[in-house]
Amino acid sequence: KNKLFSIIAHDLRSPLNNILGFSELLIDKIQTSNIEEATKFANIINTSAKNDLHLLDNLLTWGKTQTEQIEFRPKNLKLTPIIEEVFLVSNLTASLKNIKLFSSLSDDIVVYADQNMLSTILRNLIANAIKFTNSEGMVNINAVSQQDYIEISVTDNGVGINEENKKKLFGADLNFTMRGTKNEGGSGLGLVLCKEFVEKHKGKIWVESELGKGSKFIFTLLMSTK
C-alpha cells in the first residue's frame, strides 16, 4: 500500500505537472504564432500523457493481481498478430526518439497463453527497451522454438545494464528504477508485472545485457497444445 501511494504521489504527479506546465507554454506559443515551439511542447504533452496512461494501466493491472481479480484464460495464440497490435501502441513513443521497431519471427509460431497477459508482457518490455535506447536506435522482437516451449526475446541496442543493476530487476519491492536516455522516469512496476505474468504461464524471464551494448530480455511460454 505504501509503495502504491508513493507511485501515485511521484510517478503520476510528475508527468501531470509536465502536462500542465507545457500546456500553458503551448497556449502562449500559439498566441504568438510560434509554430515550431508549439509543436515541440505539444509532443512533450503527448508523451507525458501516454506515459501516465501506461503507468495507470500497470497500476490497475498490478492492483488486480494482488487481489486475485485477474482471470487466467490461456489458449492457442498466433504470436505475430499480437506483436503487430502492441507495435501500433508503441510506435508513436518510438517515433519521438526515431527508434525503429522490428519483428523477425516466423508467422506460424503459436503459443499457449492468456492474450491480455501476453500483450501486457510485450508492451512493458518494448516500452522498457524504447526508454533505454538512444535516438536512431532499434528494438527487435524474435521468437524461436525450444523443445516444448517458445523463447521470445526483446532486444535493443541501447545503453545496457551493469551487473549490479541486473540483479535488482524484477524485484518485488518495486524500489529500484533507472532514468531513460531522455530522462524518462518509471516505477519499476512494468518488469514486476512481466515476471508475475510469465511465471503464471509456468515460464521464466531473464535479461542478458552489457553496459553500453544494449539489452536482451527473454521469456518463455509453452508451445501450442493440440
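No value in this document is a laboratory result; all are computed from the given coordinates. These numbers come from a predicted model, not from an experiment. We place every Cβ from the backbone using ideal geometry, glycine too, and count neighbours over all the protein chains shown.
Using the Cβ of residue 73 as centre and a radius below 12 Å, the other residues enclosed give a net charge of 0, where K and R count +1 and D and E count -1.
Using 0.36 nm per residue and subtracting the Cα-Cα separation, the extra length available between residue 167 and residue 100 on full extension is 21.3 nm.
What is the sum of charges around residue 26, taking Lys and Arg as +1, Asp and Glu as -1, for the other residues whose C-beta is under 15 Å from the C-beta of residue 26? The partial results should precede the final answer.
Values: positive: 29, 40; negative: 24, 28, 36, 37.
Taking every Cβ under 15 Å from that of residue 26, the sum is -2.
Among beta bridges from DSSP that stay inside the range 83-162, the antiparallel ones total about 65%.
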